[in-house]
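Read the figures in this text as sums done on the coordinates, not as results from a lab. The model shown is predicted, which means the values in this text are computed figures rather than measured ones. Counting neighbours? That spans all protein chains shown, and the Cβs are built from the backbone with ideal geometry, glycine included.
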């Protein structure tokens with residue numbers, strides 16, 4: 001079968017199985033990305049979650065020696081929650097980023113790509129393929145950009161003409177030499193709304209992200225959150241959407257095409273206090289099917305504790321005291337002490353002082369001192 005005819009059949013089949021956009025590119029080296037990744041490494045801007053070496057991430061033939069082409073796919077997800085539950089003074093809520101609403105997209109996209117893979121292998125006997133979604137070596141965004149899915153915006157997201165940047169990306173390397181598609185023209189222009197809105201200044205310049213300052217990354221870390229970022233976190237328990245929400249290209253974008261990605265209210269916007277006492281089993285049963293659960297409950301709990309401090313939620317004081325006194329994890333005890341200080345009731349300060357008499361972990365004691373310092377700030381104002 002001629003590859004151009006096969007390409008058209010693949011495009012048609014992709015629509016039938018719920019792929020919103022598909023593009024084709026060569027398996028050539030991603031030379032520009034390679035230089036950018038080297039620069040990121042030199043500046044220590046990487047997250048540490050990246051898979052593979054810089055060579056593996058930019059040279060498709062290292063992953064599939066006979067590689068000729070890469071097929072890129074995009075699937076749209078919602079940007080707005082219908083009838084979203086509101087936070088109340090008695091029940092404050094956190095928020096998961098939109099990319100973590102509904103079923104874990106890794107599973108959904110992999111399923112679609114495997115169907116596409118089976119379709120191709122049925123048509124071409126000697127077809128060789130390798131499927132990747134986010135956790136693979138290749139940069140989903142670099143592939144999507146070169147395959148004409150969209151352009152890479154200043155917020156480092158792929159922005160599609162149809163769905164804005166609210167799309168999940170995946171790809172398939174293959175030994176079939178498809179005719180490549182043309183890239184989409186960058187249309188950010190002089191706009192810098194995402195850079196100006198970034199809460200931590202993580203967007204160093206258009207298209208360059210210091211991941212170590214990005215709230216989306218910081219919500220996934222397991223250690224203490226550095227002080228300068230705690231007040232920036234707000235009620236986010238996982239991820240950050242600010243640079244996408246402010247983007248003019250996303251102004252009226254809200255697609256509800258795939259039921260799997262519809263947000264479940266109490267999961268996408270969970271009540272914060274119950275997060276403090278959730279067991280591993282309950283966490284897995286409740287949140288295990290969403291992508292935001294991949295790091296386990298500890299980062300989510302730490303962020304929930306900071307969120308309660310952000311709200312100055314006096315109704316949470318008793319539970320935070322219990323966490324500070326009883327949780328076996330120093331990071332959780334210390335963060336609870338900091339949050340109690342932030343809430344700032346007399347009961348909270350008294351509990352911190354009392355806990356300091358029995359606490360033995362130096363970092364937790366340091367966090368307790370920070371908590372008490374809030375009281376000094378109030379009295380000196």
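Calculate log10 I(q)/I(0) of segment 262-303 for q = 0.14, 0.21, 0.33, 0.34 Å⁻¹, where I(q) comes from the Debye formula with a single equal point scatterer on each Cα and nothing for solvent. Rounded to two decimals, the profile gives -0.26, -0.62, -1.52, -1.55. A simple spin-label model places the labels of residue 294 and residue 16 3.1 nm from each other, with each point 7 Å out along Cα-to-Cβ. If you build a Gaussian network model of the chain, linking Cα atoms that sit under 10 Å apart, which residue out of 252, 34, 298 swings the most? Highest fluctuation of the listed residues: 252. Averaged over residues, the count of other Cβ atoms within 10 Å places the peptides 122-128, 259-265, 10-16 in the sequence 259-265, 10-16, 122-128, highest first.
Stokes-Einstein, applied to the Kirkwood radius of segment 162-217 over Cα pairs at a viscosity of 1.002 mPa s and 20 °C, places its translational diffusion at 147 µm² s⁻¹.
The length gained on full extension between residue 82 and residue 271, counted as 0.36 nm times the residue separation minus their Cα-Cα distance, comes to 66.3 nm.
Full-extension gain between residue 55 and residue 205, please, as 0.36 nm times their residue separation minus the C-alpha to C-alpha distance.
That pair, residue 55 and residue 205, stretches by 51.5 nm at full extension.
In the chain, one over the average inverse separation of all distinct C-alpha pairs is 22.5 Å, which is the Kirkwood hydrodynamic radius. Placing a label point 7 Å from the Cα of residue 363 along the Cα-to-Cβ direction, the residues of segment 189-230 whose backbone N falls under 11 Å from that point are 222-226. When a/c reaches 1.5 or more, the comparison of a/b and b/c decides; with that in mind, is segment 312-381 rounded, prolate or oblate per its Cα gyration tensor? Since a/c reaches 1.5 but b/c is at least a/b, the shape of segment 312-381 is classed as oblate.
For segment 231-381, what are the per-bin percents of Cα-Cα distances with bins 10 Å wide, up to the bin holding the maximum? Going out from 0 Å in 10 Å bins, segment 231-381 shows 11, 36, 30, 16, 7, 1 percent. If R0 is taken as 45 Å, the Cβ-Cβ distance between residue 231 and residue 28 corresponds to a FRET efficiency of 0.50. Over all distinct Cα-Cα pairs of segment 65-129, the Kirkwood formula returns a hydrodynamic radius of 15.6 Å.
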